[in-house]
Structure formats: structure tokens, C-alpha cells
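Undergrad: Sharing a structure with you now.
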Amino acid sequence: MEGLTDYAGDIFNPYLREWKEGGGRIVGYACVATPREFLDAAGVLPYRIRALGNPDRELADAYLARFNCGFCRACLQLGLDGSYDFLDGLVETNGCDHLRGMFENWQYVKKLDFFHYLHVPHLISEEALEFFAEELELYREAISAHFGVDVSDASLLEAMERSNRVRGKLRELFSLREKERPCLTGTDVLAALLLESSLPPAVFEEYLDGLLATVRSREVSGYRSRLLLAGSASDELGLVKEIEGVGGLVVTDALCYGTRAFWALPELEGDPIHAMAESYLKNLYCARMFDDYPNRLAFVMDAARRAGVEGAVLVYNKFCDLHGVENVSLRTDLEKEGIPVLILEKEYGAGADIGRIRTRVQAFLERIGG
Amino acid sequence: MATQADKEIPGLFDRAYALFTLVNSLPDEMSDEEIAGLLHVLPADIRSTLSSILHRRHRRAGMLFLKMIAAWLEEAVGARQRGQKLLLGTFNYLPEFIHAFRGAVLLTSEVITTLGVVSLEGQGERYWDYAMGLGIPDFLCSANTIALGSVLTGCDIIPDGIVQSAPGACDANSKIHEFVAREYDIPQFFIEKPNYTDRRGREQYQKNFLACVRQLEGFIGEELDEERLREVLEKSNRCTELFYELWDLRKFVPCPVPNIFSLFTFATRFTMWGRDEGIRLFTTMVETVKEIMEKDDYVAPERARTVWTYLPYFFDFSGFFNWLEEQGVVYLNDVLTACFPTIIDTTDMQSMLRGLAESAWNMPMTRQMGGDSMMIRWLDDIVHCVNDLGANAAVYCGHHSCKQTWSVVAAVRNEIQKRAGVPTLCLQGDSWIRRMTPMSVLQEEISSFVDNVLARKPRGARRKAE
């Protein structure tokens with residue numbers, strides 16, 4: 001089962017092929033604010049769009065510009081070059097300006113039959129929650145109508161229960177990573193999380209059970225410092241591997257492909273739509289939300305304390321306005337709490353950037369005494 | 001945040017205020033010789049600005065414009081003494097809404113940046129650099145970051161609160177304002193636009209707007225007064241009528257409206273809309289255009305009629321607005337003037353608040369980029385402007401931080417060609433920072449476009465008829 005890890009770097013892994021060959025449908029989403037449980041409840045496989053460090057841009061750059069985030073350009077490239085042709089539709093959110101551009105151009109060119117825009121408010125208030133709940137109702141109706149499946153409250157609750165079970169196990173995996181003698185590396189954990197959003201749920205859960213059973217007795221050694229990794233969308237296994245390659249073990253994170261994707265556990269009591277609205281909106285921990293910085297800081301600080309980190313690396317892709325600014329505040333606040341910070345601006349998927357990144361991480365580790 | 005050394009740099013607002021209020025000592029009417037004498041003693045940057053604003057063809061309007069801006073700045077400076085709250089806002093926030101409060105004054109960060117860039121020695125670069133020094137990324141929007149960089153130095157005017165309608169329409173704008181609010185622990189008041197243009201979206205927006213009204217009333221400590229609101233909105237309505245009168249005058253060929261009147265128009269929209277100063281300026285602009293038509297006073301034969309699909313360039317008024325005019329290139333409008341104001345029903349409080357929410361919905365950028373698609377409303381507006389104003393080309397200035405427009409400009413360019421039949425020139429440059437692309441390079445690209453694309457003649461030997 002552990003061999004599955006090899007598929008973390010695959011866009012279209014054999015399990016997805018099998019799913020499609022069996023008549024299964026797959027819908028892509030990119031933003032962590034997308035409640036995937038609705039798709040699961042309809043029997044549709046939710047698939048989180050990723051670019052896995054893809055450095056190519058030539059098709060995407062005919063639509064997005066060089067002033068757009070490299071991650072979104074790399075994803076669009078894969079959307080346009082046919083790598084994502086196995087998708088039966090897309091769910092867009094207004095995550096950020098770059099992401100909106102990516103989806104809009106993808107749909108402009110490909111014209112997918114199922115393309116749903118889920119509006120996620122930027123503020124947390126009673127009015128916003130009510131609006132978001134209405135949005136989720138529309139989302140449910142769109143899925144039901146297009147795929148000809150009734151996404152009932154009961155099936156939604158079932159999907160939420162399944163999802164919460166996996167979320168709970170992922171927390172367990174995190175505790176093994178965050179403990180004093182970590183059982184696995186940050187690269188291992190990111191690989192597991194990338195699999196989580198690209199495998200049929202049952203396959204992933206079985207894999208996760210196997211992983212939890214085998215890694216408990218392991219111990220990672222030979223590292224210089226314990227680090228927290230936070231910042232903008234990062235699905236680059238290579239980046240984490242580079243950081244760990246020079247001795248900075250990533251023992252926890254606050255990434256949207258990391259903890260932010262599974263930490264919250266929606267309530268299973270009462271109206272599932274309101275439970276989902278509340279859980280997703282109040283636990284976004286994303287710099288796109290306004291008037292919510294204290295919660296985001298608390299989320300990062302909790303992770304840092306839980307894992308006893310000696311330093312934090314805050315990454316952002318060039319041209320990411322949200323995290324580019326947010327990291328300045330986070331740096332100040334983390335340093336006030338005695339956690340040294342390295343801010344890394346990077347070009348997504350650029351091999352040429354790796355040497356620079358390695359040098360900066362090495363210097364940071366020297367600085368913090370690792 | 002700022003050190004003592006930083007505090008030795010005077011703030012952008014204070015410096016721009018000192019310079020702009022000098023115009024109060026100038027007479028309303030000045031001869032060419034007097035203007036030449038005035039420009040002679042000024043540093044290069046402000047000389048370029050004033051020579052453009054006070055061009056002989058539209059000097060009366062230019063002088064009124066300067067005095068309107070000076071009055072706007074003076075109100076902000078005296079706000080605290082008068083017991084008013086000083087609010088800092090984004091350009092897509094309604095000034096007439098704040099004018100309706102006795103106890104508040106609105107400063108618009110993009111306008112302050114522009115005033116600094118067009119008047120100060122070194123433009124606004126030192127404040128931009130200061131923000132970069134704090135770690136703010138260099139791809140953020142200079143329109144906000146220059147003014148807010150100055151606020152962050154700690155030696156400039158510090159607002160009591162921030163009013164915001166950028167979330168959902170521009171991340172860069174929203175984040176830098178949020179950063180400043182956090183640094184100074186000042187409250188923010190948001191009007192969030194849901195990314196829907198249908199009835200549901202409008203209803204939600206009305207709710208969000210009303211919630212913001214209540215929050216601001218609490219913060220300012222004053223309920224909106226119906227009579228005062230009516231007075232402001234009646235003046236706003238007059239501005240709207242004059243806005244469209246000026247719009248219609250742009251349709252004439254050759255276009256009699258000076259290029260810089262677009263800037264006067266949106267600057268009024270962001271500052272003195274709903275005030276006597278705004279009405280006076282619009283009235284004078286309309287009169288000036290009619291005089292130009294009567295006297296047949298055109299700068300050069302018309303070679304191109306352009307709709308600017310986003311912004312102009314602000315760091316060299318003379319090199320931009322005047323130069324275009326000298327080349328026979330008409331600057332018809334841009335997205336900042338594409339705010340399509342409507343007459344507000346002033347019958348009662350409810351109708352006025354509904355009208356205000358509708359105006360807020362239509363403010364530039366909110367209207368276009370805050371839609372369910374970043375492309376569709378923007379494209380519809382450009383196509384409308386091109387057709388209505390008889391443009392033969394579109395120009396995208398490619399302000400480097402506008403990630404929303406950069407995200408869809410390629411598709412928009414294709415669709416403009418299909419739907420309106422005109423080509424789009426895509427430039428690259430920062431609208432407020434000259435370092436990115438110098439004006440000479442932009443001029444060269446515009447010239448090439450006009451000469452080679454718009455004025456292109458078929459080449460080669462003509463085929464003989466069979």
C-alpha cells in the first residue's frame with residue numbers, strides 16, 4: 001500500500017483511470033474553500049487541481065500573463081494541454097484574482113459542460129454565513145441536476161462523516177509528524193495529502209490506515225532544525241524535499257495543500273448545509289479573508305507550538321498579493337513570539353530557482369543555530 | 001513602525017497639500033505669459049503636470065480642477081480640528097456617501113498617490129521604496145502602496161478608519177489597506193460585492209451596503225440625515241447629468257473634448273462628486289468643449305480615436321495627455337470613467353439608500369472585476385464605449401499590478417476584435433512609477449501602433465480585374 005506514494009506525483013494515477021473506466025465521474029476544484037463533500041455525496045470524485053511543480057507555461061501564457069502566479073499558470077497549462085481532459089467538470093471559487101483568471105480562461109478555451117462558480121464571502125458575519133449557505137444549496141442543486149443524482153441531506157451527512165473520519169486520521173498522521181521524535185518527513189506528509197485529493201476515498205483511507213500502522217515505529221533522524229512551512233498554494237514536493245535535504249525538517253505546516261485543507265471538523269448534527277457553511281467559512285485560515293487575521297495568526301501559532309518549531313519558512317509564489325503582504329505581518333508576529341522567520345519568494349516550479357532557495361534555507365538554518 | 005531617521009522624510013500627503021494649496025493664491029484667469037513665468041520657476045515634475053492641466057485650450061477648467069483638489073485636501077487637513085473622523089478609502093468607494101455625513105471626511109488613497117506622483121520631486125518613489133523596505137512585495141499596486149507607504153512611515157496623516165470596497169475586485173488593493181489598518185489598529189468598514197450580477201447578487205449587495213451604513217453611523221456617531229443626504233444626492237444627480245453631457249460631446253468627430261478631461265472626470269468622481277465644486281468643474285468642462293467646437297480649436301488632425309480599457313499613465317501628464325493630442329490620438333475614456341452613474345431617486349431615505357447602493361455597485365473596478373466573470377462585464381463596457389464613442393482602437397495600459405485584468409486581457413482583446421472590430425494595443429508599464437517603462441518607450445509603442453496598425457494601407461501590387 002505504501003507504494004501508492006509514488007503516485008503522489010501523478011496527475012492521472014491508475015486508480016483514477018480505473019475509476020473512469022468503471023464509468024465514474026471526476027470534478028476538479030482548486031481552492032481549499034470548496035466543500036468536496038457535496039461531490040462525494042453525489043458519487044462524483046472530487047479532485048484537487050495541482051501542477052506538481054510543472055515548469056511549462058507556453059499554452060497558458062497565451063491567456064494568463066507573466067504577472068500572474070506561476071502555480072495558476074502551470075495548472076492552466078495542464079488544463080489546456082489535455083492533461084486534465086479526464087475531468088468531467090470544474091468548480092470555480094473566487095479564491096484570489098489569479099485563481100479566478102485560471103478558471104475563467106480554462107473554461108473560455110475548453111467550455112466544459114459542468115462548470116460551477118461557488119461564491120465564497122470574504123468576511124465572516126451572520127449575513128455572509130447566510131449567503132454562503134444559500135451558495136451551498138445552489139452548488140448542491142447544480143451537482144444534482146448535472147449528474148442526475150439526488151444529493152440528499154442523508155447522503156451529504158454520510159459524505160461528511162466519511163470525510164471527518166479521514167480528517168481525523170490525517171490529524172493523527174500530523175501528530176506523528178509533529179512529535180518530538182518525528183515518525184515521518186514533511187515530504188512524506190505532503191505526498192500523502194496530495195494523494196488524498198486525487199484518489200477514490202476508500203482507496204485513500206485504506207492507504208492511510210496502512211501508513212499510520214507502519215510509520216508509528218519509525219523515527220526520522222539527521223536533521224538540523226524543526227521548521228514550520230506556511231504561505232501560498234504549494235503542492236511542490238520538490239520544494240519540501242530541498243528544504244529537508246539541507247537539514248530543515250518540516251514538522252508542521254499551515255499550507256492550503258496541508259493542514260488548512262483538513263483541520264476543521266464540520267458538525268454532524270443538525271442541518272448539514274449550515275454546518276458546512278459554518279465550518280468552511282470560519283476555518284478558511286486563508287489570506288483572502290478580511291478582518292480575520294487574528295484567527296489566521298492563532299492557527300499558525302498553534303501549529304508552531306504543537307510541533308515545537310525552531311523556525312518558520314513563509315513561502316509565496318511571485319505575484320501572490322495575498323500571501324506576499326500577509327507574510328510581512330506574520331513574520332513580525334512570529335518573531336515577537338521568538339520564532340525566527342525566513343520569507344521565501346519563489347517562482348513556481350522553476351528549477352533554476354532551486355539553488356537560490358537551497359542557499360537561503362542553509363543560511364537560515366545557520367542563523368537559527370541548526 | 002518608523003524610525004527617527006524615517007521621520008525626517010516629510011509625508012507625501014503633507015507635501016502634496018503644501019504644493020497644491022499654493023494654487024489658492026493664483027487668480028482664476030491667467031495669461032500665457034503668466035503661466036510661462038509660473039512654470040519657469042517650478043521643478044520638472046510639477047511643471048509637466050501644470051503645463052498639461054493649464055494648457056491654454058482648457059485653462060479655466062484646469063484652474064478650477066486644481067482649486068477643487070486643494071479644497072478637498074484642506075478639508076482633510078482640518079477634519080480633526082472640526083471634530084470629524086478622517087476616513088481613508090479606495091477609489092471605488094462612493095465619496096458622496098461620506099459627504100452626506102457631517103462628521104466625516106474621505107481621503108482616497110489612489111488620488112493621494114497621484115497627487116504625490118504628479119507634484120513632488122522624485123514623484124512618490126521614496127514612499128514606495130519605504131514600503132518595499134518593510135517587506136511589502138514589489139508587485140503590489142503602486143496606486144495604493146505609494147500613499148500607504150507614506151502613511152506607514154508614521155510621519156504623514158493617519159486616518160481614523162478605512163472604508164473598503166475592494167475585496168473581491170482587487171486583492172492587491174485590499175491587502176495593503178488591511179496591512180495599514182493592522183499596523184495602526186484602525187477599523188475597516190467593508191462593502192463586499194458578491195460575484196454575481198443577477199438579482200440575488202444585487203439584493204445581497206444592498207444588504208451589505210446597508211450594513212456598512214449602520215457600521216459607519218456607529219463609528220462616526222451620527223445617523224445619516226435625510227435632508228443632508230438629499231442635498232448631496234441632488235448635487236450628485238447634477239454631476240451625473242453633466243457627466244453624460246460631456247460623454248455625448250466626445251462622440252463628435254473630431255473629438256472636441258481635451259484628453260485630460262477624462263482625468264478631471266474621474267478625479268471628480270473620486271473626490272467632489274455631489275458637491276458644488278464638482279458641479280462647477282463639470283459645467284466649466286462642458287462650456288470649454290463647446291468653445292473649442294465654436295472656435296474650431298483642435299490641436300492636430302484626428303488620426304486615432306482610442307478607448308483605454310483600463311488606466312492611463314499618471315507619472316507624466318504632459319508626455320501622456322498632451323503628447324497624445326499633439327499626435328492626433330484622442331483619449332476618449334477609460335475604465336475609471338466607465339462608472340455609468342445613474343440619477344438617484346431622492347423621494348425618501350429608502351430610495352436614496354437604494355440609489356447609493358446602485359452607484360456603489362457601478363463604481364469602476366467593482367462593476368467590472370467584481371462580477372461573476374472578470375471578463376464579461378469589462379468586455380461589455382469596452383465594446384459599449386468603443387461603439388458609442390466611435391473608437392477605432394483600444395489600448396490596455398498593462399499596469400503591472402492589475403492581476404485581474406492581466407488574467408483575462410488576452411481573451412478580452414480577442415473578443416473586442418470580434419465584437420467591435422477594433423484592435424487592442426497591449427502596453428506594459430506601471431501607471432504611477434516611471435521606473436518600469438519610461439514615457440518615451442510608451443510613446444514609441446503608441447506611435448508604431450497608430451502608424452502601422454491603424455493607418456495601415458494595403459501593400460503590394462493591386463491585382464487586375466479578371
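The values are calculated or read from the model by the stated rules, or taken from the named source; none is laboratory data. Worth saying up front: this structure is predicted, and the values here are computed from it rather than measured. Positions of Cβ are backbone-derived with ideal geometry, glycine not excepted, and every protein chain shown enters the neighbour counts.
Undergrad: Would you call A:C69 in contact with a strand residue (DSSP E or B) (Cβ under 7 Å, 6 or more places away or on another chain), surrounded by fewer than 24 Cβ atoms within 10 Å (Cβ to Cβ) and under 21 Å from A:V120 (Cα atoms)?
TA: Considered against the rule, which asks whether it is in contact with a strand residue (DSSP E or B) (Cβ under 7 Å, 6 or more places away or on another chain), surrounded by fewer than 24 Cβ atoms within 10 Å (Cβ to Cβ) and under 21 Å from A:V120 (Cα atoms), A:C69 comes out as no.
Undergrad: Looking for something within 14 Å of another protein chain (Cβ to nearest Cβ) and either over 19 Å from the mean Cα position of the chain (by Cα) or crowded, with 23+ Cβ neighbours inside 10 Å (or both) - is there at least one such residue anywhere in region A:349-365?
TA: Within region A:349-365, none of the residues are within 14 Å of another protein chain (Cβ to nearest Cβ) and either over 19 Å from the mean Cα position of the chain (by Cα) or crowded, with 23+ Cβ neighbours inside 10 Å (or both).
Undergrad: Looking only at helices (runs of 4 or more DSSP H) that lie completely in region B:350-431, which have at least 2 residues being touching a helix residue (DSSP H, G or I) at 6+ places or on another chain (Cβ under 6 Å) and more than 13 Å from chain A (Cβ to nearest Cβ)?
TA: Once the helices (runs of 4 or more DSSP H) in region B:350-431 are filtered for at least 2 residues that are touching a helix residue (DSSP H, G or I) at 6+ places or on another chain (Cβ under 6 Å) and more than 13 Å from chain A (Cβ to nearest Cβ), what remains is B:376-389, B:403-420.
Undergrad: Moving on to the next point. Out of all the residues in region A:226-240, is one or more more than 16 Å from the chain's Cα centre (by Cα) and not charged (D, E, K, R)?
TA: Yes, region A:226-240 contains at least one residue that is more than 16 Å from the chain's Cα centre (by Cα) and not charged (D, E, K, R).
Undergrad: Scan region A:236-287 residue by residue and report those that are under 24 Å from A:E137 (Cβ atoms), of a type in the set (D, E) and at pLDDT 95 or above.
TA: Those that are under 24 Å from A:E137 (Cβ atoms), of a type in the set (D, E) and at pLDDT 95 or above: A:D271, A:E278.
Undergrad: I need the full set of residues from region B:16-69 which are of a type in the set (G, A, S) and surrounded by fewer than 17 Cβ atoms within 10 Å (Cβ to Cβ), in order please. Break it down stepwise before answering.
TA: Of all residues in region B:16-69, those of a type in the set (G, A, S) come to B:16, B:18, B:25, B:31, B:36-37, B:44, B:48, B:51-52, B:61-62.
Once the filter is applied, which keeps residues that are of a type in the set (G, A, S) and surrounded by fewer than 17 Cβ atoms within 10 Å (Cβ to Cβ), region B:16-69 yields B:A18, B:S25, B:S31, B:A36, B:G37, B:A44.
To keep it simple, each residue is scored yes or no on (1) under 22 Å from A:L265 (Cα atoms); (2) among the small types (G, A, S); (3) not in a loop (DSSP other than H, G, I, E, B).
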residue	(1), (2), (3)
A:E158	yes, no, yes
A:S163	yes, yes, yes
A:V166	yes, no, yes
A:L173	yes, no, yes
A:T187	no, no, yes
A:A192	yes, yes, yes
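Undergrad: Can I ask one more? From A:F299, A:F319, which residue is aromatic (F, W, Y), within 11 Å of chain B (Cβ to nearest Cβ) and either under 30 Å from B:C170 (Cβ atoms) or part of a loop (DSSP other than H, G, I, E, B) (or both)?
TA: Values: A:F299 fails: within 11 Å of chain B (Cβ to nearest Cβ).
Criteria check complete, one pass: A:F319.
Undergrad: Within the set of pairs 6+ apart or on separate chains, which have a first residue in region B:133-148 that is at the interface with chain A (Cβ under 7 Å from one of its Cβ atoms) and free of Cβ contacts under 8 Å to residues at least 60 places away in the same chain, a second that is assigned to a helix (DSSP H, G or I) and of a type in the set (S, T, Y), and C-beta atoms under 8 Å apart?
TA: From residues that are at the interface with chain A (Cβ under 7 Å from one of its Cβ atoms) and free of Cβ contacts under 8 Å to residues at least 60 places away in the same chain, the pairs are B:I136/B:T145.
Undergrad: Also: Go through region A:195-222 and give me each residue that's touching a residue at least 40 places away in the same chain (Cβ under 8 Å), among the hydroxyl-bearing types (S, T, Y) and part of a loop (DSSP other than H, G, I, E, B).
TA: Result: A:S197, A:S198.
Undergrad: Name the residue that is nearest to A:D10 (Cα to Cα), counting only residues in region A:62-93 that are touching a Gly at 6+ places or on another chain (Cβ under 8 Å), in contact (Cβ under 8 Å) with a residue 60 or more places away in the chain and in a loop (DSSP other than H, G, I, E, B).
TA: A:Y84
Undergrad: Looking at region B:189-246, which of the residues that are within 12 Å of chain A (Cβ to nearest Cβ) and either part of a loop (DSSP other than H, G, I, E, B) or closer than 18 Å to B:W273 by Cα (or both) is farthest from the chain's Cα centre (by Cα)?
TA: B:D198
Undergrad: Further question: Return yes or no: is B:V151 at negative phi, outside any helix (DSSP H, G or I), more than 11 Å from chain A (Cβ to nearest Cβ) and crowded, with 24+ Cβ neighbours inside 10 Å?
TA: For B:V151, the condition - at negative phi, outside any helix (DSSP H, G or I), more than 11 Å from chain A (Cβ to nearest Cβ) and crowded, with 24+ Cβ neighbours inside 10 Å - is not met.
Undergrad: Any residue in region B:267-290 that is surrounded by fewer than 21 Cβ atoms within 10 Å (Cβ to Cβ) and part of a loop (DSSP other than H, G, I, E, B)?
TA: no
Undergrad: Of (1) within 19 Å of B:P10 (Cα to Cα); (2) modelled with pLDDT of 95 or more, B:V105 satisfies all except one. Which?
TA: Just one mismatch for B:V105, condition (1).
Undergrad: Further, regarding this structure: Could you figure out which of (1) closer than 29 Å to A:T93 by Cβ; (2) part of a loop (DSSP other than H, G, I, E, B) isn't true of B:P341?
TA: (1)
Undergrad: Can you tell me which residue among A:L76, A:L87 is within 15 Å of B:A411 (Cβ to Cβ) and out of contact with any Ser or Thr (no Cβ under 6 Å at 6 or more places or on another chain)?
TA: After ruling out the rest, the residue left standing is A:L76.
Undergrad: Residues being under 18 Å from the mean Cα position of the chain (by Cα) and among the charged types (D, E, K, R): count how many of those fall in region A:1-49.
TA: So the answer is 5.
Undergrad: Hey, another quick one. From the list A:E267, A:E337, exactly one residue is away from chain B (no Cβ under 14 Å), surrounded by fewer than 18 Cβ atoms within 10 Å (Cβ to Cβ) and closer than 13 Å to A:L228 by Cβ. Which is it? If you could, list the steps in order and put the result at the bottom.
TA: Numbers: A:E267 fails: closer than 13 Å to A:L228 by Cβ.
A:E337 is the lone residue from the list that is away from chain B (no Cβ under 14 Å), surrounded by fewer than 18 Cβ atoms within 10 Å (Cβ to Cβ) and closer than 13 Å to A:L228 by Cβ.
Undergrad: Out of A:G43, A:G82, A:G101, which single residue is small (G, A, S) and over 30 Å from B:E415 (Cβ atoms)?
TA: Sole residue among the options that is small (G, A, S) and over 30 Å from B:E415 (Cβ atoms): A:G43.
Undergrad: Residues that are outside any loop (DSSP other than H, G, I, E, B) and surrounded by fewer than 24 Cβ atoms within 10 Å (Cβ to Cβ): does region B:135-145 have at least one?
TA: Start the filter on region B:135-145 by keeping residues that are outside any loop (DSSP other than H, G, I, E, B), which leaves B:142-145.
When the remaining residues are screened for being surrounded by fewer than 24 Cβ atoms within 10 Å (Cβ to Cβ), the result is none.
No.
Undergrad: So, one more: Select from region B:335-359 the residues that are of a type in the set (S, T, Y) and over 17 Å from B:I191 (Cβ atoms) and list them in ascending order.
TA: Answer for region B:335-359, where residues must be of a type in the set (S, T, Y) and over 17 Å from B:I191 (Cβ atoms): B:T337, B:T342, B:T346, B:T347, B:S351.
Undergrad: Now for a separate question. Which ones in region B:160-188 are part of a loop (DSSP other than H, G, I, E, B), more than 8 Å from chain A (Cβ to nearest Cβ) and either surrounded by fewer than 24 Cβ atoms within 10 Å (Cβ to Cβ) or of a type outside the set (A, V, I, L, M, F, W, C) (or both)?
TA: Scanning region B:160-188 gives B:D160, B:S165, B:D185, B:I186, B:P187.
Undergrad: Moving on. Show the residue pairs meeting these rules: Cβ distance below 9 Å; 6+ apart or different chains; first residue within region A:108-128 and at the interface with chain B (Cβ under 8 Å from one of its Cβ atoms); second residue hydroxyl-bearing (S, T, Y).
TA: A:Y108/A:Y63; A:Y117/A:T93; A:Y117/B:Y196; A:Y117/B:S373; A:H119/A:T93; A:H119/B:Y196; A:H122/B:S174
Undergrad: All but one of (1) buried (at least 20 other Cβ atoms within 10 Å of the Cβ); (2) at positive phi hold for B:R367; state the number of the condition that does not hold.
TA: (2)
Undergrad: Taking region A:332-370 on its own, how many of its residues are over 21 Å from A:E242 (Cβ atoms), touching a residue at least 12 places away in the same chain (Cβ under 8 Å) and part of a helix (DSSP H, G or I)?
TA: Final tally of qualifying residues: 2.
Undergrad: Residues of region A:72-100 being among the acidic types (D, E) and either surrounded by fewer than 24 Cβ atoms within 10 Å (Cβ to Cβ) or more than 10 Å from every other protein chain (Cβ to nearest Cβ) (or both), which ones?
TA: Let us first name the residues in region A:72-100 that are among the acidic types (D, E), namely A:81, A:85, A:88, A:92, A:97.
Result: A:D81, A:D85, A:D88.
Undergrad: Being closer than 30 Å to B:C212 by Cβ and aliphatic (A, V, I, L, M) narrows it down to one of A:A33, A:A42, so name that one. Lay out the reasoning, then the answer.
TA: Values: A:A42 fails: closer than 30 Å to B:C212 by Cβ.
Just a single option satisfies the conditions, and that option is A:A33.
Undergrad: Restricting to region B:338-359, count the residues that are closer than 30 Å to A:Q107 by Cα and touching a Cys at 6+ places or on another chain (Cβ under 9 Å).
TA: Here is the first cut: in region B:338-359, the ones closer than 30 Å to A:Q107 by Cα are B:338-340, B:358.
Restricting the remaining residues to those that are touching a Cys at 6+ places or on another chain (Cβ under 9 Å) gives B:338.
So the answer is 1.
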